[in-house]
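Q: Encoded as structure tokens, here's the structure I'll be asking about.
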């Protein structure tokens, strides 16, 4: 399975980079990857959004 996680920091992924980031994201997905995004909130204790996203993608890929 090709599941990737990209960490979006405010320092390196602000509005000036959005166009470039989206083009890179599409290019990665065109290679068969699912690319999930994470930020600092996903790394906080008790945060569950990223974990849920990974579980959903994993289950969908296994079912396919």
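The numbers here are math on the coordinates, done by the rules we state, and not lab data. Treat the numbers as computed from the prediction; the structure is a model and nothing was measured. Here Cβ is always computed from backbone atoms with ideal geometry, including for glycine, and neighbour counts include all displayed protein chains.
Q: On a full-extension model of 0.36 nm per residue, what is the gain between residue 9 and residue 21, subtracting their alpha-carbon distance, rounded to one decimal in nm? Display every interim value, and only then the final one.
A: Values: separation 12, 0.36 × 12 = 4.32 nm, distance 1.20 nm.
3.1 nm is the gain from fully extending residue 9 to residue 21.
Q: Related question: Please state the relative contact order of the stretch 3-63 as a whole percent: Cα pairs under 8 Å, 6+ residues apart?
A: 41
Q: Kindly provide the helix-only [θ] at 222 nm of the chain, computed as the sum of -39,500 (n - 2.57) over DSSP H runs of four or more divided by all residues, to the nearest 500 deg cm²/dmol?
A: After summing the helix terms and dividing by residue count, I get -14000 deg cm²/dmol.
Q: Pick out which of 16, 47, 38 has the largest mean-square fluctuation in a Gaussian network model of the chain, springs linking Cα atoms closer than 10 Å.
A: Among 16, 47, 38, the largest mean-square fluctuation in the Gaussian network model of the chain belongs to 16.
Q: Could you order peptides 23-33, 49-59 by the average number of other Cβ atoms within 10 Å of their residues, highest first?
A: Most protected by this proxy first, the peptides run 49-59, 23-33.
Q: Given labels modelled 7 Å from the Cα in the Cβ direction, how far is it in nm from residue 57 to residue 44?
A: Here the modelled spin labels are 2.2 nm apart.
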